[in-house]
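Chemist: One structure follows; several queries about it will come next.
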Amino acid sequence: MQMTDIIIKALTAPGRYTDDQTKGLHLWVKDNGRKYWNLRYTYNGSRKGIALGAYPEVSLKQARIRAVEQRNLINNGADPMAIKRAQKTPALAPKSAKEISEFIWSFIITITLSALSSLVTVANIFCINLIASDPLYESFFFSLSKEEVNAIATCTLPLIAMRSEF
């Protein structure tokens, strides 16, 4: 459909309306009358959609500009939804040996019986995968005191041994 501000304001029937001028740009009209811009695209064979804002806060012109920007990301091999998620998600990776130690101890202290299988998984990740792939984690384990190593071993090794029971 050829969209203009006049046509968009007149839309009241719930549904999806496609902008003919911008590939993948849609205006969703909800049952409550609110209108939302959405860009539908395919990435690695999967159909996806990314919200571009609500109308009239985001005008037709702004929605088209945002859609073209997102389409450029897609054409350059990036997934706009993954980028948006990464921007919203705080960095979870610890940045120092002290932060890693605090994470492990906070996890061990709060562990419940129902979380034993999670602890086995965490122990495997920290003790096998991350040490092999990241020098930061390796330096963390080498910076532990003998007592800390013994405490971690005391907590995790029996659980790893019981792994076959989970």
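The values are calculated or read from the model by the stated rules, or taken from the named source; none is laboratory data. The structure displayed is predicted, hence computed values, not measured ones. Quick reminder, even Gly has a Cβ in these numbers, built from the backbone with ideal geometry, and neighbours come from all protein chains shown.
Chemist: Does Thr4 fit the bill of being in contact with a helix residue (DSSP H, G or I) (Cβ under 8 Å, 6 or more places away or on another chain), touching a residue at least 12 places away in the same chain (Cβ under 8 Å) and surrounded by fewer than 11 Cβ atoms within 10 Å (Cβ to Cβ)?
Modeler: When the stated conditions are applied, Thr4 passes them.
One line per residue, one yes/no per condition, for (1) farther than 24 Å from Asn76 by Cβ; (2) assigned by TED's automatic domain parsing to the domain that holds Ala82; (3) in contact with a helix residue (DSSP H, G or I) (Cβ under 7 Å, 6 or more places away or on another chain); (4) outside any strand (DSSP E or B):
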{"position": "Asp20", "(1), (2), (3), (4)": "yes, yes, no, yes"}
{"position": "Lys23", "(1), (2), (3), (4)": "no, yes, yes, yes"}
{"position": "Leu27", "(1), (2), (3), (4)": "yes, yes, yes, no"}
{"position": "Ile50", "(1), (2), (3), (4)": "no, yes, yes, no"}
{"position": "Ala54", "(1), (2), (3), (4)": "yes, yes, no, no"}
{"position": "Glu57", "(1), (2), (3), (4)": "yes, yes, no, yes"}
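Chemist: Among the residues of the stretch 65-74, is any surrounded by fewer than 17 Cβ atoms within 10 Å (Cβ to Cβ), of a type outside the set (S, T, N, Q) and touching a residue at least 40 places away in the same chain (Cβ under 8 Å)?
Modeler: There is at least one residue in the stretch 65-74 that is surrounded by fewer than 17 Cβ atoms within 10 Å (Cβ to Cβ), of a type outside the set (S, T, N, Q) and touching a residue at least 40 places away in the same chain (Cβ under 8 Å).
Chemist: Being surrounded by fewer than 18 Cβ atoms within 10 Å (Cβ to Cβ) and under 24 Å from Arg85 (Cα atoms) is true for just one of Ala54, Ala13. Which residue is that?
Modeler: Only one candidate passes the filter, namely Ala54.
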